[in-house]
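Have a look at the structure below, then the notes.
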C-alpha cells in the first residue's frame, strides 16, 4: 500500500545535530493550495519553534508551504537566542525555495536547553530539498526520532462518494509523553480538500481521542505539536456537516489513535502496553482523573513491569484520585477480563494463578468500574521498567 | 540520651506475619490519664484498622490505652473479613489487659489485599505484653518497618517553665509515600499534659509542616496514620494560647520534620535527598502545585539519580504544573546555590561543570522562584533509581 499523499513531498538530510551520519533534518513540502491546522503544547514553557510556528500559522494570508523539522535539539529553554535560531532556519528555507518565511513552520525535538545551531541546519537544507519526493514518508518517519526505537508511520484509505482519498501520518515520541492538546510531534496529511475551520475542528476532535489519551510518564513536553495538512489534490471536497466529514473524521481518528498507540508501545523502557478503561463515573473528567492517577502511579507501573497482579496498588491509586465521597465498596476491577477486586476486597472468584495468567500478557486491559454514573474514558500507557530509568539517567551522558 | 517517655511502655514480639523469626508485632501501652490524638489517610480506600482506630478514638469516653501495630500485612482491601480480623485483634488485647476493646487502636502496614490472620496476632500478644518496658522504643522502631532499611526514632527534650519534658516518636515508611494529613505510620508521645482539643491542633499543625510535605512516589497509602499521645506524667501542663504551647509546638514540629525527613532519606531506592523550595507564588497552594509536579516528575527524578543537572526537565515540569498565565521568563532556578536558569533559558553565568558539581552531592536543594507573589513552600523528596523499580517489582515475589 502506498503511503503517498498527492501534493506532499518529504526530504531528509544529515545535518550533524543529533550525531554524525544520522538523519536528523526533515523538510515536508506542501503543494500550493494546501491548508494546514496545528495544535501545540499547553506547557507554559513553549519552545521557540512552537511559538514561531504558531505565529506563522496565525498569519492567515500565507498558508504553510514547508514544515521544517530537526531532531537532536528541542530549541527549548534557549531564550532569545533560540528565537533567533528558529527564525534564521525559516529564513534560510524561505530564501532557498523563494517563499515567504511565514510559510515555513519550524519544529524541533531533542535535548532541552542547549543552543540550536542554525548554521548546521541551513547547511543541511539543500540536501533535504534535493531529497524531496512523494515516497519520503518512511525515511522522514525515521529521521524525526529521538529515544524512539521504531518509526511510526500510518496510512489509511478513505472512500468518500465512491472515490479514494488518503490520510498518512508520522509521529515521534517515547519519553516526556503526556500530551495536552497534542503530542510530541506528529505530521498528518491528506489529499482531500478541507477548508480551514473544519480542518481545525477535525484535528482537535481526533487529537482529543488519540494523542491526548496517552501517557508514558506524565511529563508534558515543551515541544508537543501535531499538524494536519489537506492538499486537496484528490479533488475530493470534505465540507462541514456532511456525511463525508463524519466518515473522514472517523478515519482520521483511527489513524491518529494508531499513531498514538505506536508511541505508547515504543514508550521509554516499555515492556507492556496498558489500556485503562474507567466506566461508571459522574463525568468524563472524573473518569479521566482516576485513569490518569492509576496510569501515573509508579507503584502500579512497577507491578505491571513485574507482571504482578498487585491490584491493591490499583485500588490505592483509585482511592487517592480525589473523587468526592467515593464509595470504595462499589468499585470493581478487571484485569484482562479477570475480576480481581470488588466490594473493597479481592473477588471471591479470584485466584493468584488467574491473576498471574492475566498479567503475563504483553497487552494489558485494566477495567475500573466506579458505579456512580454513566461517563467513561480510556487511556493508554506503559509500565515502569529498569530501562526507563536507564534511558533517562543516561540521556545526556 | 534517654528516649523514654514516662507513662509509655513498648513491647515487641514475633508473630510470623512478615516472616519467621522477625519482629512484626508491637504493643504500645499508655498509662491511665494519657490523651491521644490521631490523623489518618485521606485515601478513599481506608484500611480496616484505620477505620476501626478512628471509630475507637471517636468513642471519646474511653481514651486509648493500647496501640497495637503489626507489619507484614496492611489489612487493606480485605473487605468484611478485614474488619472482623482487626476487631478480633483488639478484643484479644482487651481481654488480656482487662480493658475495653475501644481503648485499643489497631494499625497495620505491609502488603495490601491479603487476609490478615487474627490468630497469628493474638498468639503473639502475650509475648509482646511480657516485653513491655520504658526502653522499648528502639526495638519497636525496628519492628514496624516494611521495605525500610533503617529504623526511624527521634527524641527531643523541651524546657517548659524551667522543667524538662520529653517528646519521642517512631515512624516507618519507604514507599507509597505521599501522605495526605498523615504519613505511613508514626507514633509520637510526650510526658507533658495536654488536653484534647489542643493536642489535636498541635498534631495537625506539625503534620502539615512535616509528613504532609514529603513524597517519595506520589502514592498516598491506604493505611497512613500518625498518633500523638500525652501522658502528663512529667507534671507539666501545656495549655492553649500559652507560651509553653508555642514552645512545645515548635519542638513537636522539629521532631516530626526529622522523622519525615528520615522517611525520605530511607525512601525506596533513594540515592538523593532532595529539598524543593518554591518562592514567589500567588498562594501556598500554587507553590505546592509546582513543588509536587517537579517532585513527581519521573524525568526530573531519573536525572537527579544520574547527578545530571538537566534543568530543562525541571523547567518543563514547572511549565505543566497548571499555573495560570505563568510568565516563563520570570522563573529562575537554583541548584544547590548555583543559578542554572533564568529568563526562560540557561543562566549566562552557568557552566556544565558548576552544574555537575552542584548535583554530585547526596543532598540537593532545588530553589524555584516564580516572581509572581509572596507565598512560598518546601517539600522533601527523592530521586528515582533502578533500586526503586527493583524493590517494587519484587515486593510480592
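Some notes on this structure:
- Helix axis angle, A:48-58 relative to chain A longest principal axis, alpha carbon, degrees: 70
- By the beta-carbon count within 10 Å of each Cβ, the least crowded to most crowded order of A:54, B:243, fewest first, is B:243, A:54.
- Pseudo-label separations to other copies for residue A:195 - Cα-to-Cβ vector, 7 Å, nm: 7.7
- Residue by residue along B:301-308, Cβ atoms of other protein chains within 10 Å of the local Cβ number 5 on average.
- Straightening the chain between residue A:356 and residue A:157 buys 67.6 nm, computed as 0.36 nm per residue apart minus the Cα-Cα spacing.
- Working from label points 7 Å from Cα in the Cα-to-Cβ sense, the residue A:80 to residue B:327 distance is 1.6 nm.
- Here, the range B:97-162 yields an orientationally averaged convex hull projection of 7.5 nm² when only Cα atoms define the hull.
- Distance (nanometres) between label positions extended 7 Å along Cα→Cβ at residue A:343 and residue A:277: 2.5
- Computed E for residue A:22/residue B:237 - FRET, C-beta separation, R0 60 angstrom, nearest 0.05: 0.20
- Semi-axes of the equivalent ellipsoid for the range A:8-265, Cα gyration tensor, largest first, Å: 27, 20, 17
- Residues B:108, A:155, B:385 arranged by fewest to most Cβ contacts within 10 Å: A:155, B:385, B:108
- P(r) weight above 16 Å for the range B:275-328, C-alpha pairs, percent: 37
- By the count of other C-beta atoms within 10 Å, a proxy for reagent exposure, A:152, B:19 are ordered fewest to most as B:19, A:152.
- Computed FRET value (nearest 0.05) for residue B:51 with residue A:59, which takes r as the C-beta separation and R₀ as 56 Å: 0.35
- Compared with the dominant Cα axis of chain B, that is its longest principal axis, helix B:284-296 is turned about 90°.
- With viscosity 1.567 mPa s and temperature 4 °C, the Kirkwood radius over alpha carbon pairs of the range A:273-393 converts through Stokes-Einstein to a diffusion coefficient of 90 µm²/s.
- Using a 7 Å Cα-to-Cβ projection, residue A:133 label spacings across copies, nm, ascending: 8.5
- Placing a label point 7 Å from the Cα of residue B:100 along the Cα-to-Cβ direction, the distances to the matching points in the other copies come to 8.3 nm, shortest first.
- Remark: mean inter-chain Cβ contacts per residue of B:329-341 equal 1, using a 10 Å Cβ-Cβ cutoff to other protein chain atoms.
- Mean separation of Cα contacts under 8 Å (6+ apart) over length of the range B:329-369, as relative contact order %: 46
- Relative contact order, percent, the range A:8-265 [alpha-carbon distance under 8 Å, six or more residues apart]: 24
- Using a Förster distance of 51 Å, the FRET efficiency for residue B:138-residue A:285 (Cβ separation, nearest 0.05): 0.55
- Take each residue of peptide B:71-84, count the partner chain Cβ atoms within 10 Å of its Cβ, and average: the result is 3.
- In the protein assembly as shown, the ratio of gyration radius to Kirkwood radius, Rg to Rh, stands at 1.04 when only Cα atoms are counted.
- Tail weight of P(r) past 21 Å, computed on alpha-carbon pairs of the range A:184-281, percent: 40
- Nearest-ten-degree value, helix A:118-130 long axis tilted from longest Cα axis of chain A: 80
FYI, it's all coordinate maths here, none of it is from the lab. Note that the coordinates shown come from a computational prediction; the quantities given were computed from them, not determined experimentally. As a convention, Cβ positions derive from the backbone with ideal geometry for all residues, glycine included, and neighbour counts pool all protein chains shown.
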